[in-house]
Amino acid sequence: MISDLLEELDSEVSKCISCGFCESVCPTLPAAGYDLWKGARGRVIMGRELLSSVQNHGSLNVSDSFYSCLDCHACLYVCPAGVNAGKVSHLSKSVIAGNGISGNRNPLAEMMASVTMRYMNPLGIREKCAEWFQGMEVDTGSGDLLYTGNMYQLMAYTHGMNRLREKIGKGMSRRMSSLISRFPWLIKLAPMKRDETASRRMDQSLSNIALLLRKSGISFNYLGKEEPYPGTFIYDLGYLNLFREYAGKVAKILRDSGAKRIITIDPHTYDLLKNVYPEYVEDFGIEVVHYLDLIEGSAFKGGNENITYHEPCHFSLREQAYNRPLETLRSVASVNLPPRSGRRTKCCGGPDELLFPELTHKISQNRYEELQETTPQKIVTACPICFSNLNKGPEVIEIGDYLVSKLKN
Amino acid sequence: MDHINGLSQILGSNLITEREQKIPYMTDASYYQGDLPLAVALPDTPEQVAAVMKYCQDNSVPVVARGGGTALTGSSIPLKEMLVISLAKFDKVLEVHPEDRYAVVEPGVKLDNLNQHLSRYGFFYPPDPASSIAATVGGSISTNAGGLRASMYGTTKNWILGLEVVLPSGNIIHTGGKVLKRTAGYDLTALLVGAEGTLGIITKAIVKIWPLVESKGRILAYYDTIEKVGSSISELKGKGITPLIAEFMDKITMHSLSETRGLTFPEGASYMLIVDIASTRESIDRELKQAEEVLRKFNPISTEITTDQAAMDRIYEARKGAYSSLLSERSSMSERVVIGDIVVPASELPMALKESEEKARKYKLTVALFGHISDGNIHANIYADIADQDHMSRVEGFQHDFAMIAIKHGGSVSAEHGVGLEKKELLIMEFEETGNQYMMEIMKSIRKAFDPKGIMNRGKMFDQ
């Protein structure tokens with residue numbers, strides 16, 4: 001397994017001539033004060049170093065270089081040689097997670113993987129993640145399964161976790177994470193505070209998404225507190241063996257629910273289920289859609305309000321770009337795109353929030369300013385992570401909320 | 001270790017000392033691998049640069065300045081315990097004055113970012129090296145970068161009005177000014193352009209800016225021989241037509257762009273010529289047709305005209321990334337691409353191109369040719385197996401002969417990439433072949449006047 005990863009890593013890094021084009025679009029490089037190993041070219045160079053260290057049994061303290069990668073893939077679209085520095089980071093994280101090199105495993109990453117494996121939720125809060133649906137009806141006989149993947153719900157905890165880490169300090173935080181990774185049940189004792197304002201906002205967005213589906217005549221099932229997290233962290237952090245096992249469990253739960261079609265609502269879950277699950281789960285075979293695929297345009301009143309749309313990386317920077325959100329918005333408003341858009345869209349910084357919150361803060365502030373310069377009145381996002389990080393003013397609105405405001409009476 | 005303490009006191013957290021974090025600074029876009037630097041300084045004010053330089057001069061610590069790390073001759077890599085001074089944090093456009101035709105820019109600003117900023121004013125900064133997405137203002141000044149638009153606008157030296165420079169002594173000098181003409185003593189601004197960081201560290205630049213062209217269009221012409229490509233451009237220029245850009249590429253390059261960018265080319269095309277014409281909205285179509293007529297005199301396989309911006313952007317980006325794309329054409333994993341860079345008078349191009357191809361055959365090397373053909377600049381991209389001694393000696397032989405072609409036809413061994421580590425011997429050869437041996441003495445004297453202890457980018461451009 002490690003040898004396969006190393007071979008793939010070698011094949012990717014050896015395509016690189018070190019021209020540096022990727023650095024110019026890598027959001028983490030300026031946020032990290034131009035410390036090259038936290039930029040795209042630096043990661044490819046460190047990928048080579050990792051290969052050499054593994055082959056020569058050398059030591060290398062390299063994890064921060066790869067773990068700080070946002071996995072946005074912006075680098076790929078400017079690389080004249082088709083090198084994907086994001087892939088290099090992912091492969092390198094997988095080598096680290098697979099014990100291909102010692103002394104580089106990240107305690108917080110270990111904790112997230114370990115807790116997710118035990119509770120099928122990275123914070124062990126599946127019950128809380130179902131609270132938004134209280135009082136609503138589900139159609140248990142429907143083959144359409146609304147699958148939130150817990151993503152919106154988890155956003156109410158990330159800032160709180162970071163505040164806790166700040167309070168107890170980096171050293172203590174790493175020690176606590178190490179302990180929880182060995183005894184995942186300890187997560188239940190951790191003083192994790194939910195941001196109630198954020199929680200209400202996210203719950204509202206979830207309710208609005210459900211409303212949009214109903215208005216389009218979609219009757220759906222929902223697993224409530226049995227709904228598992230899709231395993232995004234486990235995959236992104238490189239725990240590929242664990243992910244294979246975990247994704248198999250998730251797929252079984254989804255299949256057992258009678259789902260014929262999974263309705264995802266966020267870009268990360270959509271991308272993971274559509275593009276990664278088929279590779280890791282034998283005969284996955286369940287149709288995956290995004291809820292906007294099912295929303296009928298006739299439900300909306302037209303309009304020409306000026307808005308800025310921030311395109312999520314997992315929609316715009318994947319092999320098959322998913323543009324349905326943009327098309328839907330264009331049917332209800334006059335959409336402006338910031339200078340970095342489409343295949344050049346810029347990450348909100350969110351994926352770094354748990355491991356490198358200081359990078360996320362700088363990246364999201366910078367992106368927010370770019371969006372504001374485009375249209376200061378209204379900024380629409382289509383991802384709970386983007387929303388959570390770019391929500392720096394009342395003008396930022398989640399796409400589901402925005403579309404509900406455009407429904408015909 | 002003492003130096004680390006001394007530098008830490010000046011730079012605080014702006015100093016990188018961990019081994020792993022220093023590794024990416026050993027590389028630039030050339031095939032050279034530098035040494036692990038003593039440390040990496042990331043100063044954020046000219047005063048901090050000045051304090052670092054004073055420390056380094058007082059303590060004889062060698063330094064190398066780094067911009068975007070896009071150098072192709074190894075000029076920005078550290079050798080033997082050098083301190084890397086990265087100017088990346090100097091990343092702001094400070095002033096734009098369209099009415100006076102200048103902007104004040106920090107050296108770490110990337111060229112494409114500068115032009116994106118200037119476009120809001122309807123202006124641009126013409127120097128346009130292929131690496132403009134990553135190359136910085138400071139780095140491109142230090143190598144006197146040329147690029148695609150040099151055909152019409154010349155190279156970087158034509159666009160620099162003044163500089164703020166930190167000398168090795170720690171003194172900060174201001175050369176030139178915010179005016180388009182100035183004759184007051186030696187032109188130190190011109191001297192610093194292309195100095196490859198051997199004289200001082202640029203911390204601010206006053207650059208000339210120009211209104212954006214009103215309208216442009218592109219002619220793509222495909223030929224079966226390289227002489228026809230060269231003759232077409234000579235004829236075009238002879239007719240008084242100055243292209244905005246005029247680029248050519250050979251079959252290997254075209255194939256690599258098919259592989260990496262999905263571009264398609266006509267069957268049987270061995271060479272592609274890209275000619276952009278800039279004009280007014282009213283005249284662009286007429287001028288494109290006139291230029292196409294000239295190109296058609298040399299029996300191209302086909303020609304086409306486009307004014308579609310998206311199509312033009314796609315080809316432009318592909319051409320700019322051609323150097324990196326070429327790696328897809330290598331025959332073994334240990335092959336690198338060594339990029340040669342010569343210039344000849346445009347009228348000498350047909351012969352110079354033909355001779356370049358002959359030399360590739362003589363040394364049994366795979367060489368991809370592309371370049372900025374309008375200003376006589378040829379890039380020979382040599383597939384070099386760095387693990388094979390015999391192969392590398394043939395590469396060296398080709399580089400020598402390729403340089404001799406430039407000299408024979410009245411050109412230079414370095415058009416726009418500078419000298420760095422790669423062309424130190426070729427520079428001496430050029431001086432000797434042209435009867436200018438004394439030039440090296442003058443250059444050494446100048447360097448000594450700026451840098452008496454020889455700490456600035458030691459070992460680059462020429463040995464002291």
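Rule-based calculations on the coordinates, nothing more; no lab input. Nothing here was measured: the structure is a model prediction, and the numbers come from that model. All Cβ positions, even for glycine, are placed from backbone atoms using ideal geometry, and neighbour counts span all protein chains on display.
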Relative contact order in percent for chain A (Cα pairs under 8 Å, 6+ apart) equals 17
One would report the antiparallel percent of DSSP beta bridges in the protein assembly as shown, rounded to the nearest 5, as 70
Rounded to the nearest 5, the percent of antiparallel DSSP beta bridges in chain A equals 5
Shape descriptors of the protein assembly as shown over alpha-carbon atoms, Rg and Dmax in angstrom, are 28.9, 92
The whole-number value in µm²/s of the Stokes-Einstein translational diffusion coefficient for region A:2-97, with Rh from the Kirkwood sum over alpha carbon pairs at 25 °C and 0.890 mPa s, is 190
Between A:Glu287 and A:Glu226, the FRET efficiency computed from the C-beta separation at R0 = 22 Å comes out, to the nearest 0.05, as 0.60
Counting lysine pairs in region B:93-211 that sit 8 or more positions apart or on different chains, with Cα atoms under 14 Å apart, gives 6
For chain B, percent of DSSP beta bridges that are antiparallel (nearest 5) comes out at 90
Helix B:389-408 sits off the longest principal axis of the Cα atoms of chain B, rounded to the nearest 10 on a 0 to 90 degree scale, by 70
Each label sits 7 Å from Cα toward the beta-carbon; between B:Glu396 and A:Ser331 the label points are separated, in nm, by 6.8
Straight-line reach check, A:Lys167, cutoff 25 Å on alpha carbons, 8 or more apart in-chain or any other chain, hits among lysines -> A:Lys128, A:Lys188, A:Lys193, A:Lys362, A:Lys392
Result for chain A, cysteines with no Cys Cβ partner under 4.7 Å, is A:Cys16, A:Cys19, A:Cys26, A:Cys69, A:Cys79, A:Cys129
Relative to chain B, whose Cα atoms define the longest principal axis, helix B:226-238 and its Cα axis are tilted in degrees, nearest 10, by 80
Excluding residues fewer than 8 positions from B:Lys453 in its own chain, the aspartates and glutamates with Cα under 13 Å of it are B:Asp58
Expressed in µm² per second, the diffusion coefficient of region B:132-180 from the Stokes-Einstein equation, with Rh the Kirkwood radius over alpha carbon pairs, at 37 °C and 0.692 mPa s, is 268
Dividing the helical contributions, -39500 (n - 2.57) per DSSP H run of n ≥ 4, by the residues of chain A yields a 222 nm value, nearest 500 deg cm²/dmol, of -14000 deg cm²/dmol
Inter-part gap, Cα centre of region A:158-201 to Cα centre of region A:21-35, in whole angstrom, is 28
Taking a straight Cα-to-Cα line shorter than 23 Å from A:Lys408, and setting aside same-chain lysines fewer than 8 residues away, one finds A:Lys215, A:Lys301, A:Lys378
Once normalised by the length of chain B, the mean sequence separation of its alpha carbon contacts under 8 Å that are 6 or more apart gives a contact order in percent of 16
Trypsin sites (Lys or Arg not before Pro) in region B:118-196 lying in a DSSP loop, each with at most 13 other Cβ atoms within 10 Å of its Cβ, come to B:Arg120, B:Lys181
Going residue by residue through region B:452-458, the Karplus relation 6.51 cos²θ - 1.76 cosθ + 1.60 with θ = phi - 60° gives ³J(HN,Hα) values, rounded to whole Hz and with x marking Gly or Pro, of x, 8, x, 8, 8, 6, 4
Within region B:215-324, pairs of Lys residues whose Cα atoms are less than 17 angstrom apart, provided they are eight or more positions apart or on distinct chains, add up to 11
Evaluated at 25 °C and 0.890 mPa s, the Stokes-Einstein D of region B:330-447 based on the Kirkwood radius over Cα pairs, in µm²/s, stands at 166
